[in-house]
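This report refers to the structure that appears directly beneath it.
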Amino acid sequence: MLEATLDCPHCGKTAPLDANFCPACGWKLAAAREGRRRVVITGAGAVTPLGLTAEETWQGLVGGQSGIHTIERFDPSELPVHIAGEVRDFSIKDWVDPKTARQMALFSQFAVASAGMALQDAGLAPESFDPDRAAVVVGSGAGGMATILETQELTNRRGLMRVSPFFMTTFPHNLPAYHVAQTFRFVGPSLTVSTACATGAQAIGEAAEMIRKGEADLALAGGTEHSIFPLFVASFAVQKAATARNDEPERASRPFDATREGFVIGEGAAILVLESLEHAQARGATIYAELLGYASSNDGYHPIAPEPEGRGASLAIIHALNDAGVSPQQVDYVNAHAASTPLGDKAETLAIKRALGEHAADVPVSSAKSMIGHLMGAAGAVEAMATIFSVRDQVLHPTINYENPDPDCDLDYVPNEARRAKVDIAISNSIGLGGQNACLVFGKMK
């Protein structure tokens with residue numbers, strides 16, 4: 001009697017049907033995922049340099065618009081960097097009362113507004129879910145650093161006892177998660193993620209794990225960042241990590257272009273509604289995409305510079321595809337981290353090649369940071385949202401300002417104009433300070 005077998009989606013070698021891992025390459029096989037709950041995305045909310053809603057942001061990205069301008073929030077003249085991706089004309093008034101708003105730092109306000117819009121988008125009224133089974137996973141890179149600095153300046157002038165009684169409940173990294181949970185009565189599992197530029201993606205991935213394990217039926221997950229304040233901008237200017245192309249703000253962020261010279265600092269937030277497939281179907285929800293896989297890794301190399309060969313980032317991609325049960329040849333699109341740094345973009349290109357092999361040459365890759373800058377702790381969440389909308393609309397947003405090919409960056413970067421494409425499987429990469437890497441795999445609902 002012949003033994004039942006299956007072909008490994010990664011290496012193509014035959015494995016026993018009941019094997020958890022491929023004996024040839026170690027790939028996790030479909031049998032290992034039996035019983036795991038499927039996770040889908042049913043809503044999105046965002047505030048970004050391109051708009052105050054998720055759809056406005058997405059349309060700006062597809063249109064190749066730039067949200068990068070000269071800084072207005074403070075006078076940047078004493079700094080070499082004068083440009084940023086600022087959130088402008090934002091108001092929290094639709095979500096909390098004025099008294100509560102005064103007790104919230106801006107990064108918490110961004111998160112609450114984005115979460116509220118995501119719930120509206122998902123059609124989730126308070127009475128339509130069990131709050132005990134509703135999780136919140138929200139992260140930030142800088143947290144309330146701006147609030148700390150503003151408070152220090154105030155107490156230096158007026159004395160320590162003039163510190164606000166709300167100071168200690170304003171700046172901590174976990175306050176956005178609290179405010180989202182309190183405002184919308186999500187009182188189940190709660191987690192704060194802070195892994196630099198990988199934060200938003202990891203928050204979404206960890207929320208998916210909660211749902212998969214049965215700890216929650218739905219979650220609000222994403223990242224938020226208020227980063228346009230003097231010390232934050234100055235710190236990257238001193239490192240020469242941020243570009244000082246002040247005379248052409250809209251052209252300053254140039255991912256993969258041979259003339260790229262550094263990233264543009266941005267800010268904002270994106271929050272997604274994640275649900276188990278059963279929960280979403282039971283209430284007749286519109287499903288944008290399925291979250292198929294998630295993984296993280298660390299370069300273990302340098303606090304700022306990426307590992308030059310892209311090994312760490314490639315591991316996150318490989319393990320996320322493994323988690324999804326997706327072969328490299330099935331990937332239709334990569335939403336890249338691509339911050340417009342000379343070393344980073346080269347290393348990510350190598351990482352994509354390592355993970356996808358020869359198929360990398362056929363896969364379109366694009367960078368939202370060319371239009372909104374680097375949103376730090378919110379970047380992975382906004383870019384995950386864009387990836388989901390690519391799956392939903394079968395459209396790839398462009399990488400703008402791509403004019404001069406770099407021999408070290410030789411993939412298809414969807415230059416300057418959006419493109420219609422088949423997007424059944426897409427991945428979103430996030431690569432951060434401290435060697436943090438995260439990858440999310442999204443798929444079209446079958």
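The values are calculated or read from the model by the stated rules, or taken from the named source; none is laboratory data. What you see is a predicted model, and the numbers here were worked out from it, not measured in a lab. Cβ sites come from the backbone with ideal geometry, for glycine too, and all protein chains shown count toward neighbours. Note: areas computed on protein heavy atoms with side chains; ligands, DNA, RNA excluded. Shrake-Rupley method; radii C 1.70, N 1.55, O 1.52, S 1.80 Å.
At a glance:
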quantity: Cα pair distances in region 89-248, grouped into 5 Å bins until the bin that holds the longest one, percent each; calculated: 2, 9, 16, 18, 18, 14, 10, 7, 4, 2, 0
quantity: Principal axis dimensions, the chain - Cα atoms, whole angstrom, descending; calculated: 86, 54, 37
quantity: Net charge, Met117 excluded, C-beta distance under 10 Å - Lys, Arg +1, Asp, Glu -1; calculated: -3
quantity: Tail weight of P(r) past 13 Å, computed on alpha-carbon pairs of region 197-274, percent; calculated: 74
quantity: Dipole-positive endmost among Ala355, Ala242, Gly432 within the chain (Cβ charges, Cα centre); calculated: Gly432
quantity: Sequence ranges 254-262, 179-187, 219-227, 95-103, ranked by mean other-Cβ count within 10 angstrom, highest first; calculated: 219-227, 254-262, 179-187, 95-103
quantity: For region 201-278 versus region 67-120, the gap between their alpha-carbon centres in whole angstrom; calculated: 14
quantity: In Å², nearest 10: area of Ile318 left accessible to a 1.4 Å probe; calculated: 40
quantity: Value in Å of the Kirkwood radius, where region 330-446 supplies the Cα pairs that are averaged; calculated: 14.1
quantity: Heavy-atom accessible surface of region 134-195: percent carbon and sulfur, 1.4 Å; calculated: 60
quantity: Fluctuation leader among Ser77, Ser190, Ser108 - the chain, Gaussian network, Cα springs under 10 angstrom; calculated: Ser77
quantity: Full-stretch length increase - Thr169, Glu309 - with 0.36 nm per residue and alpha-carbon distance subtracted; calculated: 46.2 nm
quantity: Helix-derived mean residue ellipticity, 222 nm - over the chain, DSSP H n ≥ 4, -39500 (n - 2.57), to 500; calculated: -9000 deg cm²/dmol
quantity: Per-peptide average of other Cβ atoms within 10 Å, ordering 143-154, 372-383, 124-135 highest first; calculated: 372-383, 143-154, 124-135
quantity: Stretch gain in nm, segment Asp89-Asp410, where the contour uses 0.36 nm per residue and the Cα spacing is subtracted; calculated: 111.7 nm
quantity: Relative contact order, percent, region 259-417 [alpha-carbon distance under 8 Å, six or more residues apart]; calculated: 29
quantity: Backbone HN-Hα couplings from phi across region 180-197 [Karplus 6.51/-1.76/1.60, Hz, Gly and Pro as x]; calculated: 5, 4, 5, 5, 10, 6, 9, 10, x, x, 9, 8, 10, 10, 9, 10, 6, 6
quantity: Size of electric dipole in region 172-320: Cβ of Lys, Arg +1 and of Asp, Glu -1, about Cα centre, debye, nearest 20; calculated: 120
quantity: Per residue accessible area in Å² of the chain, where ligands, DNA and RNA are left out and the probe is 1.4 Å; calculated: 39
quantity: Net dipole in debye of region 306-360 [+1 Lys, Arg Cβ; -1 Asp, Glu Cβ; about Cα centre; nearest 20]; calculated: 80
quantity: Charge dipole of the chain about the Cα centre (unit charges at C-beta), most positive-ward option of Leu396, Ala270, Leu154; calculated: Leu154
quantity: Unit charges at the beta carbon, dipole of the chain: most positive-side option, Gly300, Pro131, Ser366; calculated: Pro131
quantity: Protection proxy ranking, peptides 423-431, 348-356, 283-291, average beta carbon neighbours within 10 Å, highest first; calculated: 423-431, 348-356, 283-291
quantity: Dipole in debye (nearest 20) - the chain, about Cα centre, beta carbon charges: Lys, Arg +1; Asp, Glu -1; calculated: 760
quantity: Local electrostatic count at Lys213 - Lys and Arg +1, Asp and Glu -1, tallied over other residues with Cβ under 10 Å; calculated: +1
quantity: Average Cα contact separation per residue, the chain, under 8 Å, 6 or more apart, as relative contact order %; calculated: 22
quantity: For Pro230, net neighbour charge (Lys/Arg +1, Asp/Glu -1) across residues whose Cβ lies under 11 Å away; calculated: -3
quantity: Fully extended contour minus Cα-Cα distance, from Asp97 to Gln120, at 0.36 nm per residue; calculated: 6.4 nm
